[in-house]
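A short write-up of the structure that comes next.
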Amino acid sequence: MRLNEITKHPRIVIVGGGFGGLKLAKALKKFDGEVLLIDRHNYHIFQPLLYQVATGSLQAESIVFPLRKIFHNQANVTFVYTNVTEINSASNTISTTDGDISYDYLVLATGSDTNFFGNKEIEHYAMPMKNVTEALNIRSMILQNLEVAFLEKDLEKKQALLNFVIVGGGPTGVELSGAIAEFKNHVLHKDYPEQKDANMKVYLVEGKKELLAAMSTEASVNAKQNLLDMGVEIYNDVHVKSYDGELLMIDNGTNIHTKNVIWAAGVMGKVPAGFSAGALTKSNRVQVDHTNKVHDHRNVYVIGDAAAMISLEYPQGHPGVAPVAIQQGQHLAKNLMRLTKNEAAKPFVYKDKGTLATIGRNKAVADLGKIHLKGFIAWVIWIFVHLMSLVGFTNRLIIFLSWASSYITYNGANRLIIRRFNTKEMKVESEAD
Ligand SMILES: Cc1cc2nc3c(=O)[nH]c(=O)nc-3n(C[C@H](O)[C@H](O)[C@H](O)COP(=O)(O)OP(=O)(O)OC[C@H]3O[C@@H](n4cnc5c(N)ncnc54)[C@H](O)[C@@H]3O)c2cc1C
């Protein structure tokens, strides 16, 4: 099949096999037409567990699933492995690195990217964590800098290698700080018995007055106390001014010498070219109507992190979380089937089932409507929800066994340096990803 040849009308082209695009393609099982699912990776990533890959608790393969395999039993879906560069809605085509593809309906489910707010120096030196490559980069950075630290004679240079700074106190920053602090508290002395006096430090820097600002006050306060108990130094209500690969400067006058900065402080929509500036929000999300259709673009829809469905309840659009993407994918599948039968599309309504964040072993927070849970019970709910949300029985089994073993031994088994860490080279690899 040549990509631009439509074998069966109507053709729905979905760009992105993440949470939203995958749900949409699956929900189109009964659609009597052609579905092309396009992704620049040949796998679906379970992003909520990236931090465990970055800290060596889980192997990367356990949180990804091959997209082609998912559709073995769905004949109307064809997977295309390419990168979409531009949408051309006047001609109902998209440009890809492998040629143009035409569509009857186009759905962008391209997710989001790290937002460095235009600071090129920080972008160059700080490590983002949005995909598997970046999580593995962080793993290499942590492990390799520890090894280098223990050979370093100069005490100032050694401390810079042992200082870990996480910027951004949302769920990702809190989870990462907790996981690195657990590494320091439970693994360091086992892996490096000769380094009993190593002064590894974990810092968390957040611009808002509290951590987990999108959650309840109970959750924010609890998460902060848990991290403090684990030895994390927390700076709230401050901003990082600069980072040059050696020195991190905060606007309260604090300077931290560090070779390890992980940036979890912001996200922006990731969308191909082809939209006017007016169609995009400040955070680069595409503005859509209440059915996820892009204003002034015929038959073009955007779902998930890349979409901003602005309403009184959600003046910035819905939160960038997996349930929004999944529910929009599910809802849009029904609407597209209605439209192909000349029926009217129905508006999307988000059902918020709650928010969870984990801080470490036996430590998590959960906001479930008016109920706020913390500690062991919240942690068990977090484990259950994440295991059930994973794609593929084997992945669930591998992760369950890894967690069970780590729970007993406090000792994950994936602390491997599989490539040399070098900020400049790593960034090139990430950008190409
Ligand atoms: C570290 C981390 C932790 C998170 N933790 C949680 C959590 O605990 N709970 C929660 O609910 N949410 C969490 N999220 C957010 C959640 O993962 C996102 O909200 C969700 O993935 C959005 O789904 P999506 O379908 O919009 O995009 P994604 O799932 O990001 O999928 C986008 C897909 O599009 C593909 N793509 C992008 N551009 C192109 C292109 N030009 N051409 C071809 N393919 C392209 C990508 O390869 C990717 O497969 C986390 C995110 C991160 C990064």
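Bear in mind that the values in this text are calculations on the coordinates, not laboratory data. The model shown is predicted, which means the values in this text are computed figures rather than measured ones. Because the Cβ atoms are built from the backbone with ideal geometry, glycine has one as well, and the counts that use them run over all protein chains shown.
If the reach is capped at under 25 angstrom between alpha carbons, list the lysines near LYS69, excluding any in the same chain fewer than eight residues apart.
In chain and number order, the partners are LYS8, LYS23, LYS26, LYS29, LYS30, LYS130, LYS334.
So, in nm, how far is label SER276 from label ALA90 when the simple model puts each one 7 Å beyond its Cα toward the Cβ?
For SER276 paired with ALA90, the spin-label model returns 1.3 nm.
Which residues does a label at ASP154 reach in segment 248-289, if reach means a backbone N under 16 Å from a point 7 Å past the Cα toward the Cβ?
The answer is 248, 257-260.
Subtracting the Cα-Cα distance from 0.36 nm times the residue separation, let me have the gained length for LYS341 to LEU397 in nm, one decimal.
Numbers: separation 56, 0.36 × 56 = 20.16 nm, distance 4.15 nm.
Full-extension gain reported as 16.0 nm.
For n ≥ 4 DSSP H runs only, could you compute -39500 (n - 2.57) per run for the chain, divide by its residues and tell me the 222 nm figure to the nearest 500?
-9500 deg cm²/dmol
Report, by chain and number, residues whose modeled amide H sits under 5 Å from the one on VAL267, excluding near sequence neighbours (fewer than 5 apart, same chain).
The answer is ASN115.
Given a Förster radius of 51 Å and the C-beta distance between ASP191 and LYS30 as r, what FRET efficiency does 1/(1 + (r/R0)^6) yield to the nearest 0.05?
Efficiency for this residue pair is about 0.45.
Give me, ordered by chain and number, the residues 5 or more places off VAL107 or on other chains with an amide H under 5 Å from its own placed amide H.
Excluding prolines and chain starts, which carry no amide H, the hits are VAL13, ILE14, VAL15, TYR301.
For a 26 Å ceiling on Cα separation, which of these pairs sit above it: LYS241/LYS282; LYS259/LYS363; LYS158/LYS374; LYS270/LYS374; LYS201/LYS363?
Cα-Cα > 26 Å for LYS259/LYS363; LYS158/LYS374; LYS270/LYS374; rest within.
Put +1 on the Cβ of each Lys and Arg and -1 on the Cβ of each Asp and Glu in the chain; which of SER91, SER283, ASN145 then has its Cα farthest toward the positive end of the dipole?
SER91
For the chain, take the longest principal axis of its alpha carbons; what is the angle in degrees between that and the long axis of helix 375-389, to the nearest 10 within 0 to 90?
40 degrees
LEU247 to PHE376: extension gain in nm, 0.36 nm per residue of separation minus the Cα-Cα distance?
42.7 nm
Estimate the FRET efficiency between ASP296 and ASN411 by the formula 1/(1 + (r/R0)^6), using the beta-carbon distance for r and 41 Å for R0, to the nearest 0.05.
After rounding, the FRET efficiency stands at 0.15.
Could you state the angle between the C-alpha long axis of helix 217-229 and the longest principal axis of the C-alpha atoms of the chain, as a value from 0 to 90 degrees rounded to the nearest 10?
40 degrees
Amide H of LEU58: which non-local residues (sequence gap of 5 or more, or other chain) have their own amide H closer than 5 Å, using H built in the peptide plane?
Amide H to amide H, under 5 Å and 5 or more residues apart or across chains, LEU58 pairs with VAL53.
Using +1 on the beta carbon of Lys and Arg, -1 on that of Asp and Glu, and nothing else charged, what's the dipole of segment 108-219 about the Cα centre, debye to 20?
80 debye
If I stretch the segment between THR133 and VAL349 completely, what's the gain in nm (0.36 nm per residue apart, minus their alpha carbon distance), one decimal? It would help to have the intermediate numbers written out before the result.
Details: separation 216, 0.36 × 216 = 77.76 nm, distance 3.42 nm.
Roughly 74.3 nm would be gained on extension.
Percent antiparallel among DSSP beta bridges with both residues in the chain, to the nearest 5?
50 percent
Only four residue types carry charge here, +1 at the Cβ of Lys and Arg and -1 at the Cβ of Asp and Glu. Report the dipole size of the chain about the Cα centre in Debye, rounded to the nearest 20.
Roughly 1200 debye for the chain.
Helix 423-432 sits at what angle to the longest principal axis of the chain, using alpha carbons and giving 0 to 90 degrees rounded to 10?
The angle comes out at about 10 degrees.
Hey, if you put +1 on the Cβ of every Lys and Arg and -1 on every Asp and Glu Cβ in segment 221-279, which of ASN260, ASN236, VAL271 ends up farthest toward the positive end of that dipole?
Checking the options against the dipole of segment 221-279, the answer is VAL271.
Determine the relative contact order of the chain: mean sequence separation of Cα pairs under 8 Å and six or more apart, normalised by residue count, in whole percent.
Numbers: 866 pairs, mean separation 86.6, N = 433.
For the chain, the relative contact order is 20 percent.
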